[in-house]
Amino acid sequence: MTNLNGENMATMDPYHVEKTELALYIENEGSLYPMKKTIIANMKRKIEQDKYDANLAVKGWLYWVNRGAVQYCKEFRVELIRCFPMAVRLAVAKDISEAEYAAIKAGEYGELKMKAKKPAAKTIKKTAKKTSRKRARP
């Protein structure tokens with residue numbers, strides 16, 4: 001069975017409409033923008049420090065997506081669970097994380113200042129002198 005666009009409905013994502021609706025809402029909601037800037041700055045810093053973890057980035061974006069979903073549901077007076085199940089919010093966060101990572105790497109938010117890796121320093125083991133102190137017992 002195909003839809004009006006000629007796409008096979010069996011292979012379509014069942015939450016496609018919800019994901020698109022949520023993504024468009026949070027991208028265009030001005031009150032969520034300061035939080036987005038903070039997340040991007042954190043991602044950029046982690047990439048520059050070579051400590052970027054994709055799973056943690058998705059978690060960071062999930063906070064933003066959840067805030068947007070709650071705001072959407074309050075605005076349109078619907079239940080969060082019915083409107084945007086966790087699977088939808090997680091999928092949106094993952095999509096945004098991947099898109100923003102690509103944008104940061106492409107230099108859309110300024111040039112990345114990658115830190116030069118320091119050569120491994122030789123470690124010198126210091127042996128601590130063990131001194132035994134006897135306490136005077138009263």
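Please treat every number below as a calculation from the coordinates, not as lab data. Here the structure is a predicted model, which is why all the values come from computation and not from measurement. Glycine also receives a Cβ, built like all others from the backbone with ideal geometry; neighbour counts cover every protein chain displayed.
Rounded to whole Hz and in sequence order, give me ³J(HN,Hα) for region 92-98 from the Karplus expression 6.51 cos²θ - 1.76 cosθ + 1.60, θ = phi - 60°, writing x for Gly and Pro.
Using θ = phi - 60°, the values come out as 5, 4, 5, 4, 5, 4, 5 Hz.
On full extension of the chain, what length is gained from Ala103 through Asn42, given 0.36 nm per residue of separation minus the C-alpha to C-alpha distance?
20.6 nm
Taking neighbour Cβ counts within 10 Å as the exposure measure, how do Leu112, Leu22 sort from fewest upward?
Leu112, Leu22
Please give, to one decimal in nm, the separation of the simple spin-label points placed at Leu24 and Val70, each 7 Å out from Cα toward the Cβ.
2.5
Kindly write out, for region 33-40 in residue order, the coupling ³J(HN,Hα) from the Karplus curve 6.51 cos²θ - 1.76 cosθ + 1.60 (θ = phi - 60°), rounded to whole Hz, with x marking Gly and Pro.
5, x, 5, 5, 4, 5, 5, 5
In what order do Lys19, Lys59 fall by count of nearby beta-carbon atoms within 10 Å, going from fewest to most?
In order of increasing Cβ crowding within 10 Å: Lys59, Lys19.
Under the √(5λ) rule applied to the eigenvalues of the Cα gyration tensor, what semi-axes describe the equivalent ellipsoid of region 16-105? Give them in Å, descending. Show your work: numbers first, answer last.
Working: eigenvalues 119, 34, 20 Å².
Here the semi-axes work out to 24, 13, 10 Å.
If Lys and Arg each add +1 and Asp and Glu each add -1, what is the summed charge of the other residues whose beta carbon sits under 11 Å from the beta carbon of Lys59?
0
Using 27 Å as the Cα-Cα cut-off, could you pick out the over-long pairs in Lys51/Lys94; Lys19/Lys113; Lys36/Lys115; Lys59/Lys113; Lys36/Lys113; Lys44/Lys94? Don't skip to the answer; put the middle values down first.
Working: Lys51/Lys94 18 Å; Lys19/Lys113 34 Å; Lys36/Lys115 24 Å; Lys59/Lys113 24 Å; Lys36/Lys113 21 Å; Lys44/Lys94 17 Å.
Correct reply: Lys19/Lys113.
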